[in-house]
1. Might you check whether a residue that is assigned to a helix (DSSP H, G or I) and at pLDDT 90 or above occurs anywhere in the range 89-111?
2. Return the only residue of Tyr37, Tyr42 being among the hydroxyl-bearing types (Ser, Thr, Tyr) and in a helix (DSSP H, G or I).
3. Of all residues in the range 34-62 being at pLDDT 85 or above and surrounded by fewer than 12 Cβ atoms within 10 Å (Cβ to Cβ), which is nearest to Val100 (Cα to Cα)?
4. Taking interchain pairs and intrachain pairs at least six residues apart, which have beta carbon atoms under 6 angstrom, with the first residue in the range 68-85 and assigned by TED's automatic domain parsing to the domain that holds Leu98 and the second surrounded by fewer than 14 Cβ atoms within 10 Å (Cβ to Cβ) and of a type in the set (A, V, I, L, M)?
5. Would the range 7-20 turn up any residue that is part of a helix (DSSP H, G or I), of a type outside the set (Phe, Trp, Tyr) and without any contact (Cβ under 8 Å) to a residue 60 or more places away in the chain?
6. Would it be correct to say that Pro56 is outside any helix (DSSP H, G or I), in contact with a helix residue (DSSP H, G or I) (Cβ under 7 Å, 6 or more places away or on another chain) and not hydroxyl-bearing (Ser, Thr, Tyr)?
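The values are calculated or read from the model by the stated rules, or taken from the named source; none is laboratory data. In this text the structure is predicted, and so the values were computed from the model without any measurement. A quick note on method: Cβ atoms are made from the backbone with ideal geometry, for glycine too, and the neighbour counts reach across all protein chains shown.
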Amino acid sequence: MNINPKHPGRKRKHHISCYLNDKEYIAFRDNRSKTYYSQSEYIRKCVLDKKITVIPGIRDLIVDLKRIGNNLNQLTHRVNSGEITVLGDNLKEIRDDLTVVWGSLSKVIKKVK
């Protein structure tokens, strides 16, 4: 059911804004930047007293995984369109990238434990 006539796909209907002084803004910006949450997600979690877990290095891993996924999607598209037929070097590069990311993820997990 659509509850926001101005934005048909939007589930939330209340918009808020607030003013912060420099100290508050810097604290908000710095705390949120340690997470992978959007500004809205971060504020909702704060308002609802949800636990916000910050895992050092996770943001970089997410970026790396998205990049690898994008490369894999492009490669798949090229194969399906018949543009390329030999995958050897392309798959090796993706496998090597994934090996690096898995190694980084392993280090991050050890820090969290």
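1. The answer is no, given that none of the residues of the range 89-111 is assigned to a helix (DSSP H, G or I) and at pLDDT 90 or above.
2. Criteria check complete, one pass: Tyr42.
3. Only one residue tops the list, namely Ser38.
4. What qualifies is Arg78/Ile84.
5. Among the residues of the range 7-20, not one is part of a helix (DSSP H, G or I), of a type outside the set (Phe, Trp, Tyr) and without any contact (Cβ under 8 Å) to a residue 60 or more places away in the chain, which makes the answer no.
6. In short, yes.
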